[in-house]
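Inspection log for the structure reproduced underneath, given as structure tokens.
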Amino acid sequence: MSNDPDKVWPTGLTLREAEEVHSYLIDGTRVFGVIALIAHLLVAVTTPWLG
Amino acid sequence: MFDYKRFALGRIASFGTRYMPFADVACKEVPLSRLLRLSLFQVTVGMALVLMAGTLNRVMIVELRVPATLVAVMLALPLVFAPFRALIGFRSDSHRSALGLRRLPYIWKGTMLQFGGFAIMPFALLVLSGYGEAVDAPRWIGLSAAALSFLLVGAGVHMVQTVGLALATDLVPQADQPRVVGLMYVMLLVGMIVSAFAYGALLDTYTPGRLIQVIQGSAVLTVAVNGIAMWKQEARNRSRAAAPAQEFRFTDAWARLAGRTGMVRLLAVIGLGTAGFGMADVLLEPFGGQVLSMTVAQTTRLTVVLALGSLLGFGLASRWLGRGGRAMDAVCLGAMIGIPAFGLVLASAVILSAPLLVGATLLAGFGAGLFGHGTLTATMQAAPREQIGLSLGAWGAVQATAAGLAIATGGVIRDLVLAAPAAGTTAASPYVPVFALEGGLLLLAVIVALPLRRGDPAAAFGPVRAGAAEDPGTDCSLAAPGP
């Protein structure tokens, strides 16, 4: 373990690396969210629920 | 005093390297098991291709009663993305990442696109066919949703295949590249054959619910298999991560690649030959059925024979090139085998001999296997180390565009001749110009390829990257686990 001041606790990644990992999480959430929305809309068109 | 922070950091660090999706050290020797695992991405690509071009093609027309022209347009949509393969490859070459990754993010994004397309595809198709309450829905909803789903899957397939092949090229030394190319082609074929049988069995009794299950099951399988394929494959490159941002433009990178001796010529050979071999793909079965009156089971076997021939070609090319044979020799031989093969196809129509057609099909498949293997190997060997993604992107762009255009052209020529009310037409006459054109394209490919073969291999496609290796790989057995 180096005492690199750039590395943040607890992962040992640098700040920029941590932000990049986080960006994958955010992007994935957005993409899956949009896809789930479209899929729900299409299902609602074929078999409408809620009346 | 017990240093809790140090203890926790140590544990997390060792935990992290075991369970992080990237490799910690770049190895000189990549074991075969790891390459086999990487080649799994080709299985999902094959699965997507079969599902779209084979299974859904039929389901949309027969079960969902979507007009055939609309189906053809939908299935051709992913082709729009084929030229962008070069751009994707270039982007992955010059990807800026603090983690020092450049292939993994793109394979992951491609996988997500594939997953997203499959996730909405069944509902889009049901809306398109007017199932349930969708009869009253505006037409554009079904059309745009189906187009979106096919575009997403197509873009994902192009992305995963381009960057996956680039990663494979990164991983292995040049001497082993022929074997990797063979492995990739074989896995693509295996994925296509296995999934064709699986889809056939699963959709034997068609219900809308079953369609949803099968397509969404493919979506989950794609993410799972691609996840296994890319796990710990790319090493983090700290020097690349720390390097100052360099702004390359695509046009500059392209000009550099196209400026290399023989590169444009090689791409022309790939386009001509792929078009020559690809035109027969969808016409062999109707040819066997209409001209030689073979049954459906027999014509299906024709496609199996074609695949078998390709397998033989890949196998031979792997052995030959793996032992130091030159890739361009395999390219020329493959194309030269294709010319008499299509001549024999035409001869089988004259003497009405089904066994001759089967033999010719095997020969055509064999030539296509040799040609495909040779061109991909030649592209890998011609690629400069820092432009591997762009080179393989260009290979994929030319190859996919040529194959798609060839299939469309073959169909159009046949239908035009069929529609022309010429006197004295036989059952074979619509196919004759197509197979003749294929032979002509292959002849042209050989003529264009010959100077590459005669040229000094060291100058054109020699081991250019021996001195300019960017990643000085370490021996895995000696390397300590990363800090």
Quiz item: Hey, could you pull the Cα Rg and Dmax for segment B:59-108, both in Å?
Solution: 17.7, 50
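Relative to 2.2 N^0.38 Å, what does the C-alpha radius of gyration of segment B:48-168 come to as a ratio? Two decimals please.
Working: Rg = 16.4 Å, N = 121, 2.2 N^0.38 = 13.6 Å.
So the Cα radius of gyration is 1.20 times the expected 2.2 N^0.38 Å.
Given a 1.4 Å probe and heavy atoms of the protein chains only, how would you sort B:214, B:186, largest accessible area at the top? Please report the intermediate quantities before stating the final value.
Numbers: B:214 15, B:186 45 Å².
Correct descending sequence by accessible area is B:186, B:214.
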Quiz item: Among the lysines in the protein assembly as shown, how many pairs, 8 or more places apart or on different chains, have alpha carbons under 26 Å apart?
Solution: 4
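For chain B, what does the relative contact order come out to in percent, with C-alpha contacts under 8 Å and a separation of six or more?
Values: 726 pairs, mean separation 123.3, N = 483.
About 26 percent, as a whole number.
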Quiz item: When the C-alpha atoms of chain A are aligned to their principal axes, what extent does each axis show, in angstrom, from largest down?
Solution: 61, 14, 12
Quiz item: Per-residue ellipticity at 222 nm for chain B, helices alone: DSSP H runs ≥ 4 residues times -39500 (n - 2.57), over residue total, nearest 500 deg cm²/dmol?
Solution: -23500 deg cm²/dmol
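Got a sec? What order do B:29, B:63 fall in by accessible area at 1.4 Å, biggest, i.e. largest, first? Can you show the working numbers first?
Values: B:29 130, B:63 55 Å².
Reading off the accessible areas and sorting them downward yields B:29, B:63.
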Self-check item: Cα-based equivalent ellipsoid of segment B:108-180: semi-axis lengths in Å, sorted from largest, via gyration tensor
Solution: 39, 8, 8
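Any idea what % of Cα-Cα pairs in segment B:341-403 are farther than 16 Å? Could the numbers behind the result be given before it?
Numbers: 1128 of 1953 pairs.
Value for segment B:341-403: 58 percent of Cα pairs lie more than 16 Å apart.
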Exercise. Run through every distinct alpha carbon pair of chain B and return the Kirkwood hydrodynamic radius in angstroms, one decimal place.
Key: 23.9
Exercise. Would you mind listing how long segment B:296-404 runs along its three principal axes, going by Cα atoms, in whole Å with the largest first?
Key: 53, 30, 21
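At 25 °C and 0.890 mPa s, what whole-number value in µm²/s does Stokes-Einstein give for the translational diffusion of segment B:372-452, with Rh from the Kirkwood sum over Cα pairs? Write down the numbers at each step before the final one.
Values: Rh = 15.2 Å.
My calculation gives 161 µm²/s for D.
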Practice problem: Bin all alpha-carbon pair distances of segment B:147-306 at 5 Å intervals from 0 and give each bin's fraction as a whole percent. | Solution: 1, 6, 8, 13, 17, 16, 15, 10, 6, 5, 2, 1, 0, 0
Self-check item: Protein-only accessible surface order, largest first, of B:33, B:39, B:353 at 1.4 Å
Solution: B:33, B:353, B:39
Practice problem: Over the whole of A:20-32, what's the average partner chain Cβ count within 10 Å per residue? Rounded to a whole number, please. | Solution: 3
Quiz item: What are the semi-axes of the equivalent ellipsoid of the protein assembly as shown, taken as the square roots of 5 times the eigenvalues of the Cα gyration tensor, listed largest first and rounded to whole Å?
Solution: 42, 32, 19
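What's the average, rounded to a whole number, of partner chain beta-carbon atoms within 10 Å of each residue's beta-carbon in B:115-122?
On the way: counts 3, 7, 1, 1, 5, 10, 2, 4.
The mean count of partner-chain Cβ atoms within 10 Å per residue comes to 4.
The values are calculated or read from the model by the stated rules, or taken from the named source; none is laboratory data. Keep in mind that this is a model prediction, so the values were computed, not measured. Don't worry about glycine lacking a Cβ; one is built from the backbone with ideal geometry, like all the others, and counts go over all protein chains shown. We work out accessible area using only protein heavy atoms, side chains counted, and drop any ligands, DNA or RNA first. Shrake-Rupley method; radii C 1.70, N 1.55, O 1.52, S 1.80 Å.
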